[in-house]
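Engineer: Here it is: the structure, laid out below.
Readers should treat all values here as calculations from the given coordinates under stated rules, not as data from a laboratory. Everything quoted here is computed from the prediction, not taken from an experiment. Glycine also receives a Cβ, built like all others from the backbone with ideal geometry; neighbour counts cover every protein chain displayed.
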Amino acid sequence: MEADQIERIVEATLLAADEPVSLDRLIKLFAPGELPDENPRGAIRVALDAIGDATANRGFELVRVASGFRFQVRQQFSPWVSRLFEERPPRYSRALFETLALIVYRQPVTRGDIEQIRGVSVSQSIMRTLLERGWVRVVGERETPGRPALYGTTRTFLDYFNLKSLDDLPPMGEIESLMKPALDHATLTQETGDEESPDQEKAEAPRPRPVAEIIQLPRPADRPDR
């Protein structure tokens, strides 16, 4: 099969897929003999590179995330594209982002670890939201009395934030600037008395520590979870 035909098949597949498609799944689209026998993965990679080059100046882009490859709208056009959808995007509180950041950078951690580091209770709704979104999961139990659950991130979390692996996470010092728009919105919502997000943490202080500072606090000693 010619290279341009392989490229069109891969492109059509990515357009039709409702989730990222891995390299192995793309290879399985082709019958024996349709890809070069000596290097089928290389042929698919060449097609992906060509598609990436072709979309370099388009309103959408080809990105690689943990689960595979996908097309997505470029971030700078999201304000206009979002007007296509009537449903309001979910709003998350500062407390949720801080809890997620701690799980991401300190995993595996227990809920008690998070509470000890942040100095406030972690509401059930925050953990429920993170679990329901599929961003975190229970990865085990700590070998201490009560056997508290240990939480870690998921492949869905990596896909959502356009990461191929945890190695792609930015340095902790950059977290505050990267999360600033969402955190500013959460702070403004609290100060103006706007409708409270379901995961809002009522016990939070008016001027919480920067997220990067919270992440870098010493890890608490093992102890029974609350």
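Engineer: Would you point out which residue out of Val46, Val109, Val122 is of a type outside the set (Ser, Thr, Tyr) and touching a strand residue (DSSP E or B) at 6+ places or on another chain (Cβ under 9 Å)?
Structural biologist: Val109
Engineer: Can you tell me how many residues in segment 128-154 are crowded, with 16+ Cβ neighbours inside 10 Å and outside any strand (DSSP E or B)?
Structural biologist: Result for segment 128-154: 7.
Engineer: Follow-up. Could you list, in sequence order, the residues of segment 59-86 that are more than 23 Å from the chain's Cα centre (by Cα) and surrounded by 12 or more Cβ atoms within 10 Å (Cβ to Cβ)?
Structural biologist: Selection gives nothing.
Engineer: Right, something else. From the set of residues in segment 1-42 that are of a type in the set (S, T, N, Q) and part of a helix (DSSP H, G or I), which is nearest to Leu158 (Cα to Cα)?
Structural biologist: Step by step, filter segment 1-42, then rank; the result is Thr13.
Here's the yes/no breakdown for (1) within 25 Å of Leu163 (Cβ to Cβ); (2) surrounded by fewer than 13 Cβ atoms within 10 Å (Cβ to Cβ); (3) among the β-branched types (Val, Ile, Thr):
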position: Ile6; (1), (2), (3): no, no, yes
position: Glu11; (1), (2), (3): yes, no, no
position: Leu26; (1), (2), (3): yes, no, no
position: Pro32; (1), (2), (3): no, yes, no
position: Asn39; (1), (2), (3): no, yes, no
position: Ile51; (1), (2), (3): yes, no, yes
